[in-house]
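Everything below concerns the one structure shown next.
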Amino acid sequence: MQQLWQQYGKYALIIGAVSVVLLFYFTRTEAQQPELLPLTPTLEEPKIEQQPIEPEPPQVTTVLVDVKGAVKQPGVYPLTTEERIIDALTIAGGITDEADTKLINYAQKLQDEMVIYIPKQGEEPPPEAVATQAQPTSTTSQTTTTTVNLNTADETQLMTIPGIGPAKAASIISYRTEQGNFTTIEDVKKISGIGDKTFEKLKDYISVK
């Protein structure tokens, strides 16, 4: 036995030393290996739905419209800028059987101080009759206002002037018969019921020459 140890003992020591070194190496490597953390699922960000932007409603303005001529209930009526001539005629009781409707633009929108004159059949409509005016085809077109001559107009033509009804039209005719022709458009303020405020509304629609 002693002879075997002397012969192979050094090999056993070498193998033992190598084993100790390898054991130390693997033990240290395992200690230095980083800990693997479990993977966590990635949460998706919630999708935010954009709410549609609702358009603002159009602004509605109240206007006064003077409806005259062949209608059942002529007069001045409060309406809105979103309404049309057909709405004004409906409020005025509708047109009479004598009305000439060939040139009426029922779809035209209303404006403040508008005069809507419905002519009778065979009657020549006055130039200021809004319901029978042809609308400009170009956006650059300008509307030329035709004035009513206070010295020559008859009662029907005078009633196409904003703010002039049957009573004031008769007073204008009576004035020029008794006092003579109007010298200036400001003379119309001599008519009862026509003051500075009314004159400002109608001055662009009248003339004396």
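Conditions: (1) modelled with pLDDT under 90; (2) touching a strand residue (DSSP E or B) at 6+ places or on another chain (Cβ under 8 Å); (3) not small (Gly, Ala, Ser). Pro78 meets all but one. Number of the miss?
Against the list (1) modelled with pLDDT under 90; (2) touching a strand residue (DSSP E or B) at 6+ places or on another chain (Cβ under 8 Å); (3) not small (Gly, Ala, Ser), Pro78 comes up short only on (1).
Quick one: is Asp66 part of a strand (DSSP E or B) and closer than 23 Å to Thr156 by Cβ? Step through it out loud before you land on a result.
Working: part of a strand (DSSP E or B): yes; closer than 23 Å to Thr156 by Cβ: yes.
Yes, satisfied.
Of the numbered conditions (1) without any contact (Cβ under 8 Å) to a residue 40 or more places away in the chain; (2) assigned to a strand (DSSP E or B), Val60 satisfies every one except a single condition; which is it?
Result: Val60 fails condition (2) only.
Name every residue in the range 152-177 that is closer than 16 Å to Asp204 by Cα and of a type in the set (S, T, N, Q), in order of residue number.
Gln157, Thr160
Could you tell me which of the residues Leu89, Leu103 is touching a residue at least 12 places away in the same chain (Cβ under 8 Å) and closer than 19 Å to Gln157 by Cα? Break it down stepwise before answering.
Working: Leu89 fails: closer than 19 Å to Gln157 by Cα.
Of the residues listed, the single one that is touching a residue at least 12 places away in the same chain (Cβ under 8 Å) and closer than 19 Å to Gln157 by Cα is Leu103.
If Lys209 passes every condition in (1) surrounded by fewer than 18 Cβ atoms within 10 Å (Cβ to Cβ); (2) without any contact (Cβ under 8 Å) to a residue 24 or more places away in the chain; (3) not in a helix (DSSP H, G or I) but one, which one does it miss?
Every listed condition holds for Lys209 apart from (2).
Looking only at the range 69-84, which residues are part of a loop (DSSP other than H, G, I, E, B) and of a type in the set (Val, Ile, Thr)? Spell out the reasoning first.
Step one: of the range 69-84, the residues part of a loop (DSSP other than H, G, I, E, B) are 70, 72-74, 81-83.
Residue satisfying the conditions is Thr81 alone.
Restricting attention to the range 60-116, which residues are among the aromatic types (Phe, Trp, Tyr) and in contact with a Lys or Arg (Cβ under 9 Å, 6 or more places away or on another chain)?
Tyr106
For residues that are over 21 Å from Thr146 (Cβ atoms) and surrounded by 12 or more Cβ atoms within 10 Å (Cβ to Cβ), tally how many sit in the range 168-190.
5
The values are calculated or read from the model by the stated rules, or taken from the named source; none is laboratory data. In this text the structure is predicted, and so the values were computed from the model without any measurement. Cβ atoms come from the backbone with ideal geometry, glycine included; neighbour counts cover every protein chain shown.
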